[in-house]
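Let me begin by presenting the structure, written as structure tokens, before commenting on it.
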Amino acid sequence: MKDYELQMLTAFFAALTQQSEPLPADFVVQLNEISETLDLNQLNQLITNSSLGENYQIAYQRLRSKSSVRNLGLDTTPKDRDVIGDTNCTEVHNVSRRMLTIIAQKQETPESLIKKICGNSNPIEAAKTIFLTSGF
């Protein structure tokens, strides 16, 4: 999976963790379909045209603009600590770090994360469980 695809997924998962309202049923059905096809273009279109769109765009832009400094959420050099400590996108940082840790430790692949979260009947809770708490 390419870096920009990982950024897209990270932004999507971060947007899910920020949701307080349930997703529309038809949106969940489409996510379930994407979990089978793993079509990231379809996922991007679905997200962009949904209630998640604004949070997704904010998270995605933060990841893109700071990825060279933060390495997608991981510390790079001591002089970058002020950027890393930016509290405006704490959940994006948390999701980014957790996702990279899960993948690096070979606990999950990006594709299996898509299946677990998008294939779940409650994608919001699945994302929160995986990225904001200790376990799966």
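Key figures
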{"read-out": "Selected residue (criterion: nearest to the chain's Cα centre (by Cα)) from residues of segment 1-53 that are surrounded by 14 or more Cβ atoms within 10 Å (Cβ to Cβ) and aromatic (Phe, Trp, Tyr)", "value": "Phe13"}
{"read-out": "Conditions (1) exposed (fewer than 14 other Cβ atoms within 10 Å of the Cβ); (2) at pLDDT 85 or above; (3) assigned to a loop (DSSP other than H, G, I, E, B): number failed by Glu108", "value": "(1)"}
{"read-out": "Segment 98-136: number of residues that are among the charged types (D, E, K, R) and closer than 23 Å to Thr37 by Cβ", "value": "5"}
{"read-out": "Hits in segment 1-50 - residues which are in a helix (DSSP H, G or I), of a type in the set (Ser, Thr, Tyr) and either closer than 25 Å to His93 by Cα or in contact (Cβ under 8 Å) with a residue 24 or more places away in the chain (or both)", "value": "Tyr4, Thr10, Thr17, Ser35, Thr48"}
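The values are calculated or read from the model by the stated rules, or taken from the named source; none is laboratory data. The structure displayed is predicted, hence computed values, not measured ones. As a convention, Cβ positions derive from the backbone with ideal geometry for all residues, glycine included, and neighbour counts pool all protein chains shown.
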